[in-house]
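The values are calculated or read from the model by the stated rules, or taken from the named source; none is laboratory data. Everything numeric here is computed off the predicted structure, so don't read it as measured data. Note that each Cβ is placed from the backbone with ideal geometry, even for glycine, and that neighbours are counted across all protein chains shown. Note: accessible area is taken over every heavy atom of the protein model, side chains too, but ligands, DNA and RNA are not part of it. Shrake-Rupley method; radii C 1.70, N 1.55, O 1.52, S 1.80 Å.
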Amino acid sequence: MKVYLDNAATTPLAPEVLEAMMPYLQNHFGNPSSTHQFGRSAKSAIETSRKTIARLLNCSPMEICFTSGGTEADNMAINGAVNELGVTHIISSPIEHHAVLHTVSHCASAKVRISMVNLDEKGHVDLDHLRGLLASAKEKTLVSLMQANNEVGTLLDLEHVSALCEEFGALFHSDTVQTMGHYPLDLAKTKIHFVVGSAHKFHGPKGVGFLYINRTVHVRPLLLGGSQERNMRAGTENIYGIVGMAKALELSFDHIDTHRAHIENIKAYMKSRLQLKIPGVAVNGCEDRSLYTVLNVRLPESDNSSMLLFLLDIDGIACSGGSACSSGSNQGSHVLRALKVDNTVPSIRFSFSRYTTTQEVDYTVSRLKEHLIGKSIPV
Ligand code: PLP
């Protein structure tokens, strides 16, 4: 049996998405910058996709810039804020994705100051501390905080942070890679300057994403060259990727409630089976309000602790390690370390999709129990 429980890393392409992409892989191969009919048909597919994404997020198509994925979009927002928008102070958190953390530290200089907001042990941002940091800042500030953590799933109150940023005149960038397509997002209502999408996290293709750039701000491109994306991002567009991403996001939003109900049930089911079958299991991050696609657990110590992912892989089960250890070349998880999660026991992240079944969960719990406790049991 093959079981894929690593959907926070990437998701399988939805069949409907592949179908939407196929004509652009096979027939419509024109360069969107060409003015002949081959080019015009490609260009029109890009603009239709942009309109679809803008409609789903309630923003203007002009505010959507296509990128190669979440990493590029995060880089573009943060570098753009510093290089073009006069930002000399960035507030972020130690549990951001490396696409944000490494970009933020790259921006640190004599001119740009970095502040890290306090978090509780579950990964919640201390909103009073954030307010204090904003209130005492004299400089133009960018707040860069993710909507949901990709390892433990802890959620940020986007509205609250948006209101705080507005109150203190700060720019707000949120890495929404893990939440895009899983929660409604109305960009006409939530004041935010940059949000990010990465198609492969919502059953679209890899290597394509987008940055929403609020119309009140203008940043310059990371890549120089042609005038694609209205001079925002040079390079011939990934047409089939963009078409696939728009289709994938549309499918996600069209069925958001049914997908959510299914995945929430799967997560609750897995948690209860783990707790029933494996004594000593504990949840990392927030138990009651967290990203419903992610379940990160600490497991009891056993002789197999360091081999768990390998043993599950042999069983055909894919999930992610979240070890907090920092020995040797394995740096472990910066997120679990920042949250001071017990690193003497193994932690594993299971992440689900609309395709995950309870049978897959049963099989996983049964294999895990055998590796940890040594008894093969029907679950
Ligand atoms: N931000 C978060 C929260 C992520 O989980 C990821 C991917 O794992 C990224 C950014 C990077 O996205 P991409 O793989 O599209 O570059």
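For the reader, a short list of remarks on this structure follows.
- Condition met for PRO300 (open to solvent by 30 Å² or more (accessible area, probe 1.4 Å) and under 14 Å from ILE348 (Cα atoms)): yes
- Taking (1) part of a strand (DSSP E or B); (2) within 14 Å of GLY70 (Cβ to Cβ) in turn, PHE172 satisfies each apart from (2).
- The helices (runs of 4 or more DSSP H) found entirely in segment 60-161 that carry 3 or more residues being within 30 Å of SER347 (Cβ to Cβ) and under 17 Å from the mean Cα position of the chain (by Cα) are 70-84, 98-107.
- Residues of segment 163-187 that turn out to be open to solvent by 10 Å² or more (accessible area, probe 1.4 Å) and out of contact with any helix residue (DSSP H, G or I) (no Cβ under 6 Å at 6 or more places or on another chain), as a count: 9
- Residue within segment 251-261 that is within 16 Å of the ligand (Cβ to nearest atom) and under 30 Å from VAL82 (Cα atoms) present: no
- Segment 231-256, residues that are farther than 17 Å from PRO184 by Cβ and not in a helix (DSSP H, G or I): MET232, ARG233, ALA234, GLY235, THR236, GLU237, ASN238
- Considering only residues in segment 28-68 that are among the hydrophobic types (A, V, I, L, M, F, W, C) and without any contact (Cβ under 8 Å) to a residue 12 or more places away in the chain, the one that is most open to solvent (accessible area, probe 1.4 Å) turns out to be PHE38.
- Residue match in segment 38-47 (condition: in contact with a Lys or Arg (Cβ under 6 Å, 6 or more places away or on another chain), aliphatic (A, V, I, L, M) and either at pLDDT 95 or above or not in a loop (DSSP other than H, G, I, E, B) (or both)): no
- Check on GLU166, away from the ligand (no atom under 16 Å from the Cβ), under 15 Å from ILE91 (Cβ atoms) and part of a loop (DSSP other than H, G, I, E, B): no
- Counting the residues of segment 119-137 that are more than 16 Å from the ligand (Cβ to nearest atom) and either modelled with pLDDT under 95 or surrounded by 22 or more Cβ atoms within 10 Å (Cβ to Cβ) (or both) gives 1.
- Residues of segment 196-223 that turn out to be within 16 Å of the ligand (Cβ to nearest atom) and either out of contact with any Lys or Arg (no Cβ under 7 Å at 6 or more places or on another chain) or of a type in the set (Gly, Ala, Ser) (or both), as a count: 17
- Yes/no for LYS206 being in contact with a strand residue (DSSP E or B) (Cβ under 8 Å, 6 or more places away or on another chain) and open to solvent by 10 Å² or more (accessible area, probe 1.4 Å): no
- Residue match in segment 10-23 (condition: open to solvent by 70 Å² or more (accessible area, probe 1.4 Å), closer than 30 Å to LEU312 by Cα, in contact with a helix residue (DSSP H, G or I) (Cβ under 8 Å, 6 or more places away or on another chain) and away from the ligand (no atom under 16 Å from the Cβ)): yes
- Scanning segment 169-195 for residues that are hydroxyl-bearing (Ser, Thr, Tyr) and within 11 Å of the ligand (Cβ to nearest atom) turns up SER174, THR176, THR179.
- Test: LEU158 is without any contact (Cβ under 8 Å) to a residue 60 or more places away in the chain, within 16 Å of the ligand (Cβ to nearest atom) and surrounded by fewer than 24 Cβ atoms within 10 Å (Cβ to Cβ): yes
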